[in-house]
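Structure record follows, encoded as C-alpha cells.
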Amino acid sequence: MCGRFTLTMALDDLREAFPEFTFPPTYAPRYNIAPTQPILAIPNDGRAAVDLFLWGLIPSWAKDPTIGNRLINARSETLTEKPSFRGPLRYKRCLILADGFYEWQSRPGVKTKQPYYIFLKDHRLFAFAGLWDEWHAPNGGVIRSATIITTTPNALLEPIHNRMPVILHPSDYTQWIDPSPQHPEHLLPLLRPYPAEEMLAHPVSPQVNSPAIDHPDLIRPLAY
C-alpha cells in the first residue's frame, strides 16, 4: 500500500513542471502527507486545473463519507471488479503529484517496522496514478476525493514492502487524464511497477509514523 508521501517542491517549480495547469494559491510543501488530508491532483475534468482533493476515495453513491478512510489505495489487479473503482477507472482518473513516498519494512525479531523514504534518483516531481470522485453531502456541500493505485513492487521495493504506488511515466499522462471515457484494457497496461534502476530508497526516522510531524528532517537518511 501507500500510506504516506511527500510533495516538497516550491509552487514555482510545480508550475514549471506543469505550465499548462493552474494551481491553488493555498499550496504549501509537505513532508508527511497522510490519509484524509488534502492532496494535489490533476483530474481529467478538462479544466486544466490542479485541485485539492481529500485523500481517501468517497464514491458518489456512498451513504457515509467515512468510507474514504478505507479507500486510500486501489489495487490495480482488481480495479475492474470493485464497485468503488470501476466507474472512476473509466471516467474519473487523476494525476496525484508527489516527489517521494514512504513504506514500512518488517524486520525479523523486531516489533516496530522500519520506515523508508523512496524517491527518483534525479529528485524530480512525479505523478501517482489516481482515481477521483465527487460526493454530495445532504447539506449541499461537495467533497472531491481521490485514491492512489498500487501494484506489485519492483526490485528496489520488494525487500521493503509487497506493494508500491503506481508512478506513471510522463509519456502516459495525457492518456491517463484524457476527459473521454476509456476502456480498461487501454489503461491497465500503464499500471506497472516503475523501473527500479531509476529510484533510490533509504531508512528514515520513525517520527514519520506520526501524521502530526511534518518537517524536512523526516526525509533525511537515518543515522545509525
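The values are calculated or read from the model by the stated rules, or taken from the named source; none is laboratory data. Please read these numbers as outputs of a predicted model, since none were measured by experiment. Cβ sites come from the backbone with ideal geometry, for glycine too, and all protein chains shown count toward neighbours.
Across region 16-25, the qualifying residues are those that are surrounded by fewer than 17 Cβ atoms within 10 Å (Cβ to Cβ) and out of contact with any strand residue (DSSP E or B) (no Cβ under 7 Å at 6 or more places or on another chain), and the one among them that is nearest to Leu57 (Cα to Cα) is Pro25. Sub-9 Å Cβ pairs linking a first residue in region 16-33 that is under 22 Å from Phe101 (Cα atoms) to a second residue that is loosely packed, with under 10 Cβ neighbours inside 10 Å and among the small types (Gly, Ala, Ser), at least 6 apart or interchain, are Asn32/Ala212, ordered by first then second residue. Residues of region 168-193 that are free of Cβ contacts under 8 Å to residues at least 60 places away in the same chain and within 20 Å of Asp99 (Cα to Cα): His169, Pro170, Ser171, Asp172, Thr174, Arg192, Pro193. What residue, of Asp178, Asp133, is more than 17 Å from the chain's Cα centre (by Cα) and at pLDDT 95 or above? Of Asp178, Asp133, the one residue that is more than 17 Å from the chain's Cα centre (by Cα) and at pLDDT 95 or above is Asp178.
Of the numbered criteria (1) modelled with pLDDT of 95 or more; (2) among the acidic types (Asp, Glu); (3) over 13 Å from the mean Cα position of the chain (by Cα), the one Glu103 fails is (3).
Residues in region 19-36 that are of a type in the set (A, V, I, L, M) and farther than 15 Å from Leu54 by Cβ: 1 in all.
Between Asn154, Asn139, the distinction of being in a loop (DSSP other than H, G, I, E, B) and within 16 Å of Cys2 (Cα to Cα) belongs to Asn154 only.
For Ile96, state whether it is surrounded by fewer than 23 Cβ atoms within 10 Å (Cβ to Cβ) and either within 13 Å of the chain's Cα centre (by Cα) or β-branched (Val, Ile, Thr) (or both).
Working: surrounded by fewer than 23 Cβ atoms within 10 Å (Cβ to Cβ): no; either within 13 Å of the chain's Cα centre (by Cα) or β-branched (Val, Ile, Thr) (or both): yes.
No, not satisfied.
Scan region 162-183 for residues that are assigned to a helix (DSSP H, G or I), polar (S, T, N, Q) and more than 12 Å from Cys94 (Cα to Cα) and jot them down.
Quick first cut of region 162-183, residues assigned to a helix (DSSP H, G or I) only: 170-176.
Restricting the remaining residues to those that are polar (S, T, N, Q) gives 171, 174-175.
Answer for region 162-183, where residues must be assigned to a helix (DSSP H, G or I), polar (S, T, N, Q) and more than 12 Å from Cys94 (Cα to Cα): just Ser171.
Considering each residue of region 65-81 in turn, none proves to be in contact (Cβ under 8 Å) with a residue 40 or more places away in the chain, assigned to a strand (DSSP E or B) and either more than 14 Å from Thr147 (Cα to Cα) or β-branched (Val, Ile, Thr) (or both). Do we have Asp217 as out of contact with any Gly (no Cβ under 8 Å at 6 or more places or on another chain), within 23 Å of Ile42 (Cβ to Cβ) and modelled with pLDDT of 95 or more here? No: the conditions fail for Asp217.
Suppose the filter is more than 30 Å from Trp61 (Cβ to Cβ), more than 17 Å from the chain's Cα centre (by Cα) and surrounded by 19 or more Cβ atoms within 10 Å (Cβ to Cβ); does Leu156 pass it?
Numbers: more than 30 Å from Trp61 (Cβ to Cβ): yes; more than 17 Å from the chain's Cα centre (by Cα): yes; surrounded by 19 or more Cβ atoms within 10 Å (Cβ to Cβ): yes.
Yes: the conditions hold for Leu156.
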